[in-house]
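Reading through the structure tokens given below for one structure.
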Amino acid sequence: MGGRRLLFLLAGILAACFLTACSSQADALNEEGIVYYNKGAYQDAVNTFERAIAADHQKPEYHVNKGMAYLELEDYDNAHSSFDSALRLDSACQMACRGNGIAFMEQGLYEEAMTSLDAALACEAGRAGEAEYDILLYRGETQTRMGDYAGAEETYTILLETKGEASDLYYLRGVARVKNGMTEAGMTDMDRAVVLNTTDYNLYLNCYYCLADAGQEEIAIRYLQKALTVSESTTSSHKARGTIHFLLGDYSAALAEFEYEKEKADVETWIYIGLCYQSAGDYENSNAAFARALEDGGENAEVYYQMGMCMFSMKNYEAALEDLIKGLELGGGVHKQEMMYTQALCYERLERFSEALQAFESYVALYGSDPETDRELAFLRTR
């Protein structure tokens with residue numbers, strides 16, 4: 001989310017609205033802060049914007065810039081503080097309202113986000129420029145996140161009617177419609193999105209994920225199959241094509257695509273490579289791929305989950321237990337339930353029965369019992 005959120009602002013809105021040719025120390029520091037931001041050096045940007053504010057604390061744009069850098073650092077409290085400082089200087093500062101709205105959205109405070117984004121639009125009532133289009137995009141995203149799919153559909157329709165046809169807008173409205181149970185209308189939008197952007201593999205993948213999540217797996221697969229008719233040969237396309245083959249269950253074809261990426265594969269690609277090997281029963285190469293994901297990306301609950309399950313399949317319960325514990329210490333992510341259950345099984349297979357009993361009891365306390373866990377508990381209580 002960060003790239004779209006801030007690159008658009010700094011490359012467009014700030015350049016148009018805030019930067020001047022003024023050679024004052026404050027303006028020079030502000031420009032220097034923007035350079036740091038564009039390099040991804042967000043803390044340096046914050047520090048430099050603070051120096052600009054110290055030189056001239058009356059310019060709301062410096063506070064806005066600092067707030068946007070804090071957003072990239074996911075420091076939402078300081079982001080709000082910066083935006084509020086800008087609003088104290090100019091109660092109609094559109095970019096400060098926008099920034100507060102984005103921060104609230106990222107915090108999951110959607111009602112507050114809507115209030116701030118609507119305030120941002122009200123700052124320039126009747127205007128329909130790039131800033132307003134961008135704010136409407138965040139408004140639609142907020143509505144989607146909060147489950148107001150009808151509202152999101154309306155927002156994206158406004159954008160399509162005022163900004164004109166755009167692939168991303170058709171896709172976003174299609175998502176809102178699918179999530180609102182309007183599958184056919186949503187697919188019409190997604191089809192139009194694809195027509196307007198035929199070579200974007202990620203668009204096909206996103207259409208698949210949206211429809212699959214809505215229980216429309218058979219329809220969703222059509223987008224994957226259509227994507228494979230696209231002919232692109234960039235590194236990113238190899239990753240996307242590998243992902244598509246993986247989702248279609250053609251693991252050898254997926255590995256062939258991922259081979260092109262190995263020199264600069266990211267964590268997600270290494271996970272896919274590991275899963276491809278695992279599907280073929282090659283647990284040694286599978287675990288090596290997961291280990292590479294950890295090496296390149298640092299500690300990650302998803303990777304520890306995959307490693308733990310791989311080791312469990314190899315009946316290396318000690319190694320599996322070690323990986324699963326590390327994953328759970330990181331929160332477990334979406335796989336927490338399965339990790340807890342498999343952790344308990346590892347203790348049992350290692351004949352560490354008291355620890356297995358405790359692990360199963362912790363599992364039941366969180367997720368409830370079922371016939372299988374009841375049998376495990378009955379067995380372990382006799383050990």
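The values are calculated or read from the model by the stated rules, or taken from the named source; none is laboratory data. Note that the structure is a prediction, hence the values are computed from the model and not measured. Please note: Cβ atoms are built from the backbone with ideal geometry, for glycine as well, and neighbour counts cover all protein chains shown. With ligands, DNA and RNA removed, areas are computed over all heavy atoms of the protein, side chains included. Shrake-Rupley method; radii C 1.70, N 1.55, O 1.52, S 1.80 Å.
Worth pointing out:
- Checking each residue of segment 145-162 against the condition of being open to solvent by 30 Å² or more (accessible area, probe 1.4 Å), at pLDDT 95 or above and within 28 Å of Gly242 (Cβ to Cβ) gives no match.
- Condition check for Tyr209: of a type in the set (Ser, Thr, Tyr), open to solvent by less than 50 Å² (accessible area, probe 1.4 Å) and either at pLDDT 90 or above or outside any helix (DSSP H, G or I) (or both): no
- Check on Arg139, part of a helix (DSSP H, G or I), closer than 17 Å to Ala214 by Cα and of a type in the set (Lys, Arg): no
- Sub-7 Å Cβ pairs linking a first residue in segment 202-217 that is touching a residue at least 12 places away in the same chain (Cβ under 8 Å) to a second residue that is open to solvent by 60 Å² or more (accessible area, probe 1.4 Å), at least 6 apart or interchain, are Tyr204/Lys226; Ala214/Lys179, ordered by first then second residue.
- Residue within segment 352-360 that is of a type in the set (Ser, Thr, Tyr), part of a helix (DSSP H, G or I) and either touching a helix residue (DSSP H, G or I) at 6+ places or on another chain (Cβ under 6 Å) or open to solvent by less than 40 Å² (accessible area, probe 1.4 Å) (or both) present: no
- Residue within segment 230-249 that is among the hydroxyl-bearing types (Ser, Thr, Tyr), surrounded by fewer than 16 Cβ atoms within 10 Å (Cβ to Cβ), under 30 Å from Ser313 (Cβ atoms) and over 23 Å from the mean Cα position of the chain (by Cα) present: no
- Here Ala92, Ala120, Ala125, Ala131 are screened, and the one residue that is crowded, with 24+ Cβ neighbours inside 10 Å, farther than 24 Å from Gly174 by Cβ and of a type in the set (Gly, Ala, Ser) is Ala120.
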